[in-house]
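One structure is given here, and the rest of the page talks about it.
The values are calculated or read from the model by the stated rules, or taken from the named source; none is laboratory data. Computed from a predicted model, the values in this text were never measured in an experiment. Here the Cβ positions follow ideal geometry from the backbone for every residue, glycine too, while neighbour counts run over all protein chains shown.
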Amino acid sequence: MVLVIDRSDGRGLSFPGGLAMPWEPAEDAMKREVLEETGLHVKRSVQLFEYFNSADIPVAITAFAVEADGEPEDSWEGSPVWLPLADIQRRLLPSQQEIPGRLSEALATLRRER
């Protein structure tokens, strides 16, 4: 299961995230955005991968696996929902379409390394 945001703008699903400030490390931006969009406090994180995409607008995406505390809460951006990875692909924002495949590969690698 993965946590995605059912977006309030009607564009479908997206992973929690957003823009990092120029001075802000990717991990700090991720923690801030997860808290803002889901109400969850990130306890631990592992950076999984980065990529560039211009399907919607040009974006640099950094993906993390996280462990978090709390109960998911709605925000102005939408409602957090836990869904099986296989069920989200067709509803994701175009810039995030690569994430499920990359995520599956990264998690398989992490499991082999343990």
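So here's what we get for this one:
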read-out	value
In segment 1-25, the residues that are surrounded by 17 or more Cβ atoms within 10 Å (Cβ to Cβ) and under 15 Å from Val59 (Cβ atoms)	Ser14, Phe15, Pro16, Gly17, Ala20
Residue satisfying all of: in segment 1-56; touching a residue at least 60 places away in the same chain (Cβ under 8 Å) and in a loop (DSSP other than H, G, I, E, B); nearest to Thr109 (Cα to Cα) among these	Met1
Failed criterion for Pro80 (all others in (1) part of a helix (DSSP H, G or I); (2) within 16 Å of Leu3 (Cα to Cα); (3) modelled with pLDDT of 90 or more hold)	(1)
Any hit, segment 40-55, residues being touching a Gly at 6+ places or on another chain (Cβ under 6 Å) and surrounded by 15 or more Cβ atoms within 10 Å (Cβ to Cβ)	yes
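Residues checked against (1) under 12 Å from the mean Cα position of the chain (by Cα); (2) more than 19 Å from Met1 (Cβ to Cβ); (3) of a type in the set (Val, Ile, Thr):
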| position | (1), (2), (3) |
| --- | --- |
| Thr38 | yes, no, yes |
| Arg44 | no, no, no |
| Leu48 | yes, no, no |
| Phe52 | no, yes, no |
| Val59 | no, yes, yes |
| Glu67 | no, no, no |
| Glu71 | no, no, no |
